[in-house]
Amino acid sequence: MKSVSQKQNNTRLNVRTLAMTAMLSAISFILAFVEFPVPLSPSFARMDLSDFPALIGTFAFGPVSGLLIELVKNSLQLISTSTGGVGELANFFMGGSYVFVAGIIYRFHKTKTTAWISCITASIVMGIVGAVTNYFILFPVFEQFMPLDQVIASFSAFIPFIKTKLEVVLYNAFPFNLLKGLVIGLFTMLVYKKLAPILKGLK
């Protein structure tokens, strides 16, 4: 049986994990409003770094924490959604797949090399999930506001050989989400070692 001190330590750990997860969720929600234009893309295609706190939480507390951060962030965004929740659902699929894959790989062997591998692998997965969600979820939303031909034309204005919806997904959505994952992974690798002791309450 666990001693009283062990139970108290576990309770403190769980409380701290929840508190830090909540804090990172709030930061993620705020970062979602700080958007950047995407290279070789029309103006409505924007990039943010709101998955960065989720990846930090994943490395510090595990993939479940990362998924919770993604869920809370996207749930809060429903307050001001312009897509009826569809955009937030797609964002959760992409960000959730990213942090979950990274967390699963990293939790079994917590080394710097494994962290890099987890970030790269998770970026590829997010690229694939991003391509699928764009094709089946986001494009139908865009088509409610703009004819499909115009949507495709807005992308082909930057990448001339794009002529179909599938080509938009393959040559824009996939590389964009892959690049986004790699950028977030790079930022995480640069700061995680300094942040981990603070998040975990270690001296």
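The values are calculated or read from the model by the stated rules, or taken from the named source; none is laboratory data. Because the structure is predicted, anything quoted here is derived from the model rather than measured. Cβ atoms come from the backbone with ideal geometry, glycine included; neighbour counts cover every protein chain shown. For accessibility, only protein heavy atoms count, side chains too; no ligands or nucleic acids. Shrake-Rupley method; radii C 1.70, N 1.55, O 1.52, S 1.80 Å.
Conditions (1) modelled with pLDDT of 90 or more; (2) open to solvent by 50 Å² or more (accessible area, probe 1.4 Å); (3) closer than 20 Å to V191 by Cα, marked per residue:
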| position | (1), (2), (3) |
| --- | --- |
| N74 | yes, no, no |
| N91 | yes, no, no |
| Y98 | yes, no, yes |
| M146 | no, yes, no |
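With respect to A173, determine if the residue is in contact (Cβ under 8 Å) with a residue 12 or more places away in the chain, open to solvent by less than 40 Å² (accessible area, probe 1.4 Å) and within 30 Å of V15 (Cβ to Cβ).
Answer is no for this residue.
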_Some residue of segment 39-46 being touching a Lys or Arg at 6+ places or on another chain (Cβ under 9 Å) and open to solvent by less than 80 Å² (accessible area, probe 1.4 Å)_ = no
Restricting segment 29-38 to residues that are more than 13 Å from S75 (Cα to Cα) and among the aromatic types (F, W, Y), the one most open to solvent (accessible area, probe 1.4 Å) turns out to be F33
message = For the structure I just gave you, tell me whether A26 is surrounded by fewer than 16 Cβ atoms within 10 Å (Cβ to Cβ) and either touching a Pro at 6+ places or on another chain (Cβ under 9 Å) or outside any helix (DSSP H, G or I) (or both).
response = yes
(Q) For the structure I just gave you, tell me whether L166 is more than 26 Å from F33 (Cβ to Cβ), of a type in the set (A, V, I, L, M) and touching a residue at least 24 places away in the same chain (Cβ under 8 Å). (A) yes
Looking at segment 76-85, is at least one residue modelled with pLDDT of 95 or more and open to solvent by 70 Å² or more (accessible area, probe 1.4 Å)? no
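Go through segment 147-203 and report how many residues are within 17 Å of L49 (Cβ to Cβ) and among the aromatic types (F, W, Y).
The total comes to 3.
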In segment 97-147, anything of a type in the set (G, A, S) and under 19 Å from F176 (Cα atoms) is listed as S97, A102, S118, A122, S123, G127, G130, A131
Residues of segment 1-26 being at pLDDT 90 or above and over 16 Å from F61 (Cα atoms), in sequence order, are A26
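Yes or no: T83 touching a residue at least 40 places away in the same chain (Cβ under 8 Å), in a helix (DSSP H, G or I) and farther than 15 Å from I184 by Cα?
Criteria not met by T83.
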In segment 180-201, anything open to solvent by less than 40 Å² (accessible area, probe 1.4 Å) and farther than 30 Å from A45 by Cβ is listed as A196, L199
So, first residue among the aromatic types (F, W, Y) in segment 176-203, second residue in a helix (DSSP H, G or I), Cβ within less than 6 Å, six or more apart or across chains; the pairs are F187/F52; Y192/F59
Note: among T58, T133, just one is more than 17 Å from I27 (Cβ to Cβ), crowded, with 17+ Cβ neighbours inside 10 Å, in contact (Cβ under 8 Å) with a residue 40 or more places away in the chain and of a type in the set (V, I, T), namely T133
